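Asker: Sharing a structure here in structure tokens format.
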Amino acid sequence: MSRLAETFAAAAAANRAALVCFVTAGDPTPGAMGAILDALVAGGADVIELGMPFTDPMADGPAIQAANLRSLAAGTKTADILNIARDFRARHPGVPLVLMGYANPMLRRGAEWFAAATRDAGIDGVICVDVPSEEDDAIGPALRAAGVDLVRLATPTTDAARLPAVLAGAGGFLYYVSVAGITGLQQAAQSSIEEAVARLKAATDLPVSVGFGIRTPEQAAAIGRIADGVVVGSATVELIGRHGADAPAAVTAYIRTLSDAIRAARKEQK
């Protein structure tokens, strides 16, 4: 069983959702990244998404766009990201790490090189935002051959006709993007998220995680009652933007509020 499968299974056995936390690799600098990742774990993150900085992050809102620019200005390269992952894996052997980003930096040296590099760095999964399932052959076969899960995205516009293609070859978990827009700016109505999660869970055995627009403990708890995972990104990235290298204490405190809310959410339903 993979680290992702074990983590989601352990959360389900504890009657809670898993907390999935996104940060941009190299923000504010590659050297400061280790302490920030450790702060996420200390706060209760179950899975960490590490964003690959890119000049044109089309799915991301202002907070993550700014983080991409800070990271690139600090000189972050793919080699730095892989070293960050490798060091993290040595410190946290059981915490899943997912690399999230865009095709250009992932594929510039070829899918086979990228898949082997991620595997060797201890990365468990990859989300490639701008390679649709219909173009799976660009990256999917290489990742699966390397034992790295290809985490797919579903959205409010993913209808019943297209969903099987999204799920084919998917692994780790299914990431439900709850709004048809960019990160950080809005959250969908709870009722629409509940309907979507029920529909997705009926179609796959993969854990379903929900992201985009989740910022507060109350929002995290509401999603945690219905989904297998709760994804939080922009709010944490904003903290890093404000505090820079001094962010770890604030990050741990913030993530702890979300983790505590998620852990209590389903118990409050009884």
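We did not get these values from a lab; they are worked out from the coordinates using the rules stated. Given the structure is predicted, the values throughout are model-derived calculations rather than measurements. Note: ideal-geometry Cβ built from the backbone for every residue, glycine included; neighbour counts use all protein chains shown.
Asker: Out of residues 5 or more away from Glu49 or on other chains, whose amide H comes under 5 Å of its own, with H placed 1.01 Å from N in the peptide plane?
Answerer: Close amide H contacts, sequence-distant or interchain: Cys21, Phe22, Val23, Val98.
Asker: Could you give the nm distance between label points at Ala168 and Lys267, where each point is 7 Å from its Cα heading toward the beta carbon?
Answerer: 4.5 nm
Asker: Give a residue-ordered list of calculated ³J(HN,Hα) values for segment 223-232 (Karplus: 6.51 cos²θ - 1.76 cosθ + 1.60, θ = phi - 60°; whole Hz; x for Gly, Pro).
Answerer: Ordered by residue, 3J(HN,Hα) equals 5, x, 6, 10, 9, 7, x, 10, 9, 10 Hz.
Asker: Output ³J(HN,Hα) for segment 17-31: one whole-Hz value per residue in order, computed from phi by the Karplus curve 6.51 cos²θ - 1.76 cosθ + 1.60 with θ = phi - 60°, and x for Gly and Pro.
Answerer: 7, 7, 9, 10, 10, 9, 9, 8, 4, x, 9, x, 8, x, x
Asker: Rounded, prolate or oblate: pick one for segment 129-251, where a ≥ b ≥ c are the square roots of the eigenvalues of its C-alpha gyration tensor, a/c under 1.5 means rounded, and failing that, prolate if a/b is larger than b/c, else oblate.
Answerer: Cα axes put segment 129-251 in the oblate bin.
Asker: While we're on this one: Which parts of segment 217-250 would a label at Asp38 reach, counting a residue when its backbone N lies under 15 Å from a point 7 Å out along Cα-to-Cβ?
Answerer: 245-250
Asker: With viscosity set to 0.692 mPa s at 37 °C, what whole-number translational diffusion coefficient in µm²/s follows for the chain from Stokes-Einstein and a Kirkwood radius over Cα pairs?
Answerer: 180 µm²/s
Asker: Based solely on its DSSP helices, what 222 nm [θ] is calculated for the chain when runs of n ≥ 4 H residues each add -39,500 (n - 2.57) and the sum is averaged over all residues, nearest 500 deg cm²/dmol?
Answerer: Mean residue ellipticity at 222 nm (helix-derived): -13500 deg cm²/dmol.
Asker: Can you pull the one-decimal nm distance between simple spin-label points at Glu194 and Arg256, each 7 Å off the Cα toward Cβ?
Answerer: So the label points at Glu194 and Arg256 sit 3.2 nm apart.
Asker: Now, a different point. In whole Å, largest first, what are the principal axis extents of the Cα atoms in segment 46-134?
Answerer: Largest to smallest, the principal-axis extents are 32, 30, 25 Å.
Asker: Compute the distance in nm between two label points, each set 7 Å from the Cα along the Cα-to-Cβ direction, one at Leu107 and one at Ala73.
Answerer: Taking the two extended label points, one gets 3.1 nm.
Asker: Would you mind getting me the FRET efficiency between Asn15 and Ala160? Use the beta-carbon distance for r and R0 = 41 Å, nearest 0.05.
Answerer: Efficiency for this residue pair is about 0.85.
Asker: Which three semi-axes in whole Å describe the equivalent ellipsoid of segment 230-270, each the square root of 5 times a Cα gyration tensor eigenvalue, listed largest first?
Answerer: 26, 10, 5
Asker: Which one, Pro62, Trp113, Ala165, projects farthest toward the positive side of the charge dipole computed for segment 30-170 from Cβ point charges (K/R +1, D/E -1)?
Answerer: Of the listed residues, the answer is Trp113.
Asker: Within segment 88-196, list the trypsin sites (Lys or Arg not before Pro) lying in a DSSP loop whose Cβ has at most 12 other Cβ atoms in a 10 Å radius.
Answerer: Arg108, Arg109
Asker: Now for a different question. Send over the per residue convex hull volume for segment 52-209, Cα only, as a whole number of Å³.
Answerer: 119 Å³
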